[in-house]
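What follows is a single structure, written as structure tokens, with notes after it.
The values are calculated or read from the model by the stated rules, or taken from the named source; none is laboratory data. Fair warning: this is a prediction, and the values are worked out from it, not measured in the lab. Because the Cβ atoms are built from the backbone with ideal geometry, glycine has one as well, and the counts that use them run over all protein chains shown.
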Amino acid sequence: MQTAWKEYQKKNEDRFLDEMLELLRIPSVSAKTEHKEDMRRCAEAVRQRLLESGCDKAEVMETAGHPVVYGEKIIDQSKPTVLVYGHYDVQPAEPLNLWHSGPFEPVIKDGKVYARGSADDKGQFYMHVKALETMVKTESMETNIKFLIEGEEEVGSPNLADFVRQNKELLKADVILISDSAMISTENPSLDIGVRGLSYIEVEVTGPNRDLHSGTYGGAVANPITILCKMIASLHDENNHVTIPGFYDDVVEATKEERELMARAPFNEKEYKEELGINEVWGEKNYTTAERTGIRPTIEINGIWGGYTGEGAKTVLPSKATAKISARLVPNQDSRKITDMLLEHFKKIAPPFVTIHAFEHHGGEPYMTPIDSKGYQAAAKAIQTTFGKEPIPVRGGGSIPICSILEKELGVKIVFMGFGLDSDNLHSPNEKFNLENYYKGIETIPYFHKFFAQSE
Ligand SMILES: [Zn+2]
């Protein structure tokens, strides 16, 4: 099959790219109500592409929020079924002034597509659509394929769990395949075997009932910004270990073997620092950078504001200060439990000079894929075939909250086959996706289906 697939893909590579660019031009920002119509337009475009690429059926299906796109190509009910999950929504593009070109006007430079959503996740889920087309047009399908492309991943998938519960029969499959993550590099391909969970809260600290003159009242009334900063600074000790009592209680410590396997993944600290423009790495003592972002839970401040932030000076003692705070979780931490722990902790450590309002944004559970599962094995073999190298199993630092729900409701394992790179600037200005990775993904995915069908 190899030559037929390759020939078909080579012949159609320009169109494969053009179609991806067209999706990137739709500003499908799920977080902003002003893009509600763009979301629907994008869902409709995805539906159209699924049909054109060989699906027998594709629909835009309603949820309480942005719609889900479902598509399927069923060749034989007795054959194994692969459910491809992806998302057509994207993160907001701000800050716009840091983009070298328009976030929704894709530009190709040095073999990379620059646009919001190029790697996360439009370019990546679209590889599966073009892999389907390749197999349909060369009459080489060996599995049934279903697509579940949602529109609320970037806002925490608030309506997908209900959708999955209501459509269990429709989504029935033998494995779930997701390309929404990164590999180490094309020279050192890797497969994620886990994603971290998430707890996300917001804390508002209120001092006086209005903004005050900092000369008249400063020194006599507690400043909410100072108080908030002190509370935040107290979250880590001198070893950068989280200080919240009980935070690590449920963490499953990685085994010596697992840590050794992780250490085999190539990591160049010098390049890492240069690429990020930092002088030193930072993190929990006694853990490597890969461990800090893979097997350890963390707490990060995602935003903080208060007082006067406009041009020039304004001497004010503000009434309020606010921070957005998130924790990344590892097996077997429970998102609900950690969220409650964070909320309680801030209420507990708040000094009497201020009042605290702490509330939850969203969360999700961590997820792990066993290396000995049929799905992982098929993915590893597919990578081996097209990259000529056995993939390194790694733990991803990010979160895909829907994973644990998908497994629970559909009763099947998830395989992460990400073709992006950590340097793709996900959620940042100048997000990009390397063309080499896009085409390599389209080339690799049909092998996954072939090997998975053979193993069933
Ligand atoms: Zn994503």
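Against the conditions (1) within 16 Å of the ligand (Cβ to nearest atom); (2) under 15 Å from the mean Cα position of the chain (by Cα), GLY441 satisfies every one except (2). Scanning the stretch 268-323 for residues that are acidic (Asp, Glu) and under 23 Å from ALA233 (Cβ atoms) gives GLU280, GLU284, GLU300. Can we say GLY65 is closer than 27 Å to GLU360 by Cβ, in contact with an Asp or Glu (Cβ under 7 Å, 6 or more places away or on another chain), small (Gly, Ala, Ser) and away from the ligand (no atom under 16 Å from the Cβ)? Here the answer is yes, as GLY65 does meet what is asked. Within the group ILE383, ILE349, ILE338, which residue is among the hydrophobic types (A, V, I, L, M, F, W, C), crowded, with 19+ Cβ neighbours inside 10 Å, over 14 Å from VAL415 (Cα atoms) and in contact (Cβ under 8 Å) with a residue 12 or more places away in the chain? Checking each option against the conditions leaves just ILE338.
Any residue in the stretch 79-95 that's more than 14 Å from the ligand (Cβ to nearest atom): show its pairings with residues that are of a type in the set (S, T, N, Q) and part of a strand (DSSP E or B) at Cβ separation under 7 Å, as long as the two are six or more apart or on different chains. These pairs meet every condition: LYS79/ASN144; THR81/ASN144. None of PHE419, PHE387, PHE433 is over 19 Å from LEU83 (Cα atoms) and within 16 Å of the ligand (Cβ to nearest atom) except PHE433.
Restricting TYR248, TYR308 to those that are among the hydroxyl-bearing types (Ser, Thr, Tyr), in a loop (DSSP other than H, G, I, E, B) and closer than 25 Å to ILE349 by Cα reduces the list to TYR248. On the basis of being among the aliphatic types (A, V, I, L, M), surrounded by fewer than 15 Cβ atoms within 10 Å (Cβ to Cβ) and more than 21 Å from GLU154 (Cα to Cα), does ILE295 make the cut? When the stated conditions are applied, ILE295 does not pass them. Residues in the stretch 392-404 that are within 16 Å of the ligand (Cβ to nearest atom) and either within 12 Å of ALA379 (Cβ to Cβ) or not polar (S, T, N, Q) (or both): GLY396, GLY397, GLY398, ILE400, PRO401, ILE402, CYS403.
State whether one or more residues within the stretch 92-115 are out of contact with any Phe, Trp or Tyr (no Cβ under 7 Å at 6 or more places or on another chain) and closer than 19 Å to GLY364 by Cβ. Looking through the stretch 92-115, none of the residues is out of contact with any Phe, Trp or Tyr (no Cβ under 7 Å at 6 or more places or on another chain) and closer than 19 Å to GLY364 by Cβ.
Which one is farthest from GLU204 (Cα to Cα) among residues in the stretch 340-378 that are of a type outside the set (A, V, I, L, M), modelled with pLDDT of 95 or more and in a strand (DSSP E or B)? Checked the stretch 340-378; the qualifying residue farthest from GLU204 (Cα to Cα) is GLU360.
Okay, residues lined up against (1) modelled with pLDDT of 90 or more; (2) among the aliphatic types (A, V, I, L, M); (3) closer than 22 Å to ASP334 by Cβ:
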site	(1), (2), (3)
MET262	no, yes, no
ALA265	no, yes, no
GLU269	yes, no, no
TYR272	yes, no, no
GLU275	yes, no, no
ILE278	yes, yes, no
GLU300	yes, no, yes
ILE304	yes, yes, no
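Restricting VAL84, VAL90, VAL46 to residues that are within 23 Å of LEU435 (Cβ to Cβ), touching a helix residue (DSSP H, G or I) at 6+ places or on another chain (Cβ under 6 Å) and surrounded by 17 or more Cβ atoms within 10 Å (Cβ to Cβ) narrows the list to VAL84. The single residue among LYS57, LYS122, LYS73, LYS112 that is touching an Asp or Glu at 6+ places or on another chain (Cβ under 7 Å), at pLDDT 95 or above and buried (at least 19 other Cβ atoms within 10 Å of the Cβ) turns out to be LYS73. Here is the figure for the stretch 135-166: residues that are outside any helix (DSSP H, G or I), within 16 Å of the ligand (Cβ to nearest atom) and not β-branched (Val, Ile, Thr) total 8.
So in the stretch 167-195, with the set limited to residues that are acidic (Asp, Glu) and under 19 Å from the mean Cα position of the chain (by Cα), which one is farthest from the ligand (Cβ to nearest atom)? Here the residue is ASP192. Among the residues of the stretch 117-128, none qualifies, meaning not one is basic (Lys, Arg) and over 23 Å from the mean Cα position of the chain (by Cα). The condition of being touching a strand residue (DSSP E or B) at 6+ places or on another chain (Cβ under 8 Å) and away from the ligand (no atom under 14 Å from the Cβ) holds for GLU407. Residues that are of a type in the set (Asp, Glu) and more than 16 Å from the ligand (Cβ to nearest atom) are absent from the stretch 116-127 altogether. The condition of being modelled with pLDDT under 95 and more than 26 Å from LEU96 (Cβ to Cβ) holds for only one of ILE442, ILE414, ILE400, that being ILE400.
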